[in-house]
Amino acid sequence: MNNAKLAIIGSGPAGLTAAIYAARANLSPVLFEGFMSGGMPGGQLITTGLVENFPGFPEGIDGQQLMANMREQAERCGATLITEDIDTVDFSQKPFTLTSSGGDVWNADAVIIATGATARRLPLDSEKKFWGRGISACAVCDGGLPIFRNKELAVLGGGDSAIEEADHLTHFGSVVHLIHRRDSFRASKIMQKRALEHPKIKVHWNKIVEEFLGDENLSGLRLKDTVTGAISDLPISGCFEAIGHTPNVGFLNGQIALDELGYIKTLSGSTATNVDGVFAAGDVQDAKYRQAVSAAGSGCHAALEAERWLGGLIHA
Ligand SMILES: Cc1cc2nc3c(=O)[nH]c(=O)nc-3n(C[C@H](O)[C@H](O)[C@H](O)COP(=O)(O)OP(=O)(O)OC[C@H]3O[C@@H](n4cnc5c(N)ncnc54)[C@H](O)[C@@H]3O)c2cc1C
């Protein structure tokens with residue numbers, strides 16, 4: 001049996017920041033950085049190019065480089081990194097147990113879950129082709145890039161996030177086409193009003209994307225009307241998919257309370273979950289911001305809270 005005072009699951013900005021803080025607090029954290037489940041080691045930023053909004057890098061920094069830096073920093077501070085998934089957990093007794101994809105069983109006094117959320121994507125070959133070449137899942141991250149400035153852009157979706165993304169893109173694009181597969185929005189009334197009244201947002205009801213069009217880069221969408229079946233092409237230079245995220249919580253097998261969207265529920269103003277000694281950080285508990293810097297911030301909070309919790313436990 002392997003033992004850890006603190007186990008951290010996930011190696012995105014949340015998990016690695018938690019590891020840096022916990023290692024510096026002499027907790028000798030063991031971090032499972034993932035392998036196949038819920039994305040790659042290093043997390044979502046591994047899949048992107050230039051990150052322009054992470055503080056400290058005036059020229060921006062390549063996503064892979066940023067995550068390599070965080071990984072190196074966590075190791076240098078003393079964290080142990082294991083490139084495996086956690087397949088199952090047992091939080092019903094203390095110490096908690098975690099079973100990794102390599103078949104090892106770990107005891108842990110405290111656990112930080114930082115497994116992120118996976119952006120849902122359209123299952124089209126042309127979508128894969130233009131991913132990162134005009135298609136993105138994050139307007140706040142990519143909307144300000146030069147390739148999108150003063151161009152016609154599109155957002156796919158009909159929830160609050162889709163309207164927020166469209167609204168954000170109006171600062172950059174000349175027109176923002178909001179493509180929705182139904183004839184009404186799921187978004188809150190106030191968000192609907194914002195979209196419908198915005199002079200730069202044009203709503204396309206009852207439309208789905210049949211294909212993404214272009215040569216090197218995305219240059220248009222082939223749309224199908226879900227009522228009439230009519231096909232039309234819409235020239236655009238950028239498309240932002242806002243069709244939801246799936247928090248990576250399957251391995252928890254119902255042992256941690258989730259909110260109505262499937263994200264881990266944390267106590268207000270804290271990273272504590274409903275299980276004493278289990279904390280959650282980053283996108284897996286954040287349906288609202290989903291940014292690298294906010295994930296890193298909550299990783300810091302989780303490590304400090306785990307440290308205090310372990311301190312109380314040890315002196316109890
Ligand atoms: C294409 C793209 C571009 C983006 N650009 C920006 C940007 O420019 N600026 C910005 O601030 N944000 C950006 N974001 C958002 C940002 O990447 C996320 O907010 C951030 O990575 C969340 O960090 P996290 O640590 O919570 O989770 P993630 O980065 O998602 O990391 C989750 C980790 O958990 C691991 N994992 C999952 N399941 C398991 C398991 N069962 N066992 C072990 N490990 C597991 C995964 O392997 C991964 O390492 C972008 C996102 C995408 C998809």
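What follows is calculated from the coordinates using simple rules that are stated; it is not laboratory data. Please read these numbers as outputs of a predicted model, since none were measured by experiment. Methodologically, a virtual Cβ is constructed for each residue, glycine included, from the backbone with ideal geometry; neighbour enumeration extends over all protein chains shown.
Ellipticity at 222 nm from helices only: DSSP H runs of n ≥ 4 in the chain, each -39500 (n - 2.57), divided by the residue count, give -8000 deg cm²/dmol. Of all aspartates and glutamates in the structure, the ones whose alpha carbon falls short of 15 Å from that of residue 5, not counting any fewer than 8 places away in one chain, are 109, 276, 305, 307. For residue 8, nonlocal amide neighbours, meaning residues 5 or more places apart or on other chains whose placed amide H falls under 5 Å from its own, are 30, 31, 32, 112. Pairs of Cα atoms nearer than 8 Å and 6+ residues apart set the relative contact order; for the stretch 157-316 it is 14 percent. Modelled spin-label separation between residue 188 and residue 205, with each label point placed 7 Å from Cα along the Cα-to-Cβ direction: 2.4 nm. Dipole check for the chain: with +1 at the C-beta of Lys and Arg, -1 at the C-beta of Asp and Glu, and the Cα centre as origin, the magnitude is about 680 Debye. Placing pseudo-labels 7 Å out from each Cα toward the beta carbon at residue 197 and residue 72 gives an inter-label distance of 5.1 nm. Rounded to whole numbers, the Karplus 3J(HN,Hα) couplings from phi for the stretch 37-44 are 7, x, x, 9, x, x, x, 4 Hz, using 6.51 cos²θ - 1.76 cosθ + 1.60 with θ = phi - 60°, and x at Gly and Pro. Dipole size of the stretch 121-241 about its Cα centre, with +1 on Lys/Arg Cβ and -1 on Asp/Glu Cβ: approximately 280 debye, rounded to the nearest 20.
With the simple spin-label model, which puts each label point 7 Å out from Cα in the Cβ direction, the residue 276 to residue 107 separation comes to 1.9 nm. Here the 3J(HN,Hα) profile of the stretch 120-130, calculated from phi with Karplus coefficients 6.51, -1.76 and 1.60 at θ = phi - 60°, is 6, 10, 6, x, 10, 4, 5, 5, 4, 4, 9 Hz, Gly and Pro shown as x.
Cross-link pairs exceeding 21 Å between alpha carbons, from the set 265/288; 193/224; 189/288: 193/224. Entry note, the chain: relative contact order of 20 percent, from Cα contacts under 8 Å with a spacing of 6+ residues.
Judged by a Cβ-Cβ distance under 4.7 Å, the unpaired cysteines of the chain are 77, 239, 300. Look at the alpha carbon pairs under 8 Å that are at least 6 residues apart: their mean separation over the length of the stretch 121-241 gives a relative contact order of 30 percent. For residue 221, the shell of other residues with beta-carbons less than 11 Å away shows a net charge of -2, using +1 for Lys and Arg and -1 for Asp and Glu.
Each of 228, 266 was scored by other Cβ atoms within 10 Å of its Cβ. Arranged with the fewest first, they read 228, 266.
Given a 10 angstrom Cα cut-off, can you work out which residue in 305, 216, 52 is the most mobile in a GNM of the chain? In this elastic network of the chain, the residue with the biggest mean-square fluctuation among 305, 216, 52 is 216. Here the Karplus curve 6.51 cos²θ - 1.76 cosθ + 1.60, taken at θ = phi - 60°, turns the phi angles of the stretch 239-255 into couplings of 9, 10, 7, 10, 10, x, 10, 10, x, 8, 10, x, 5, 7, 6, x, 8 Hz, with x standing for Gly and Pro.
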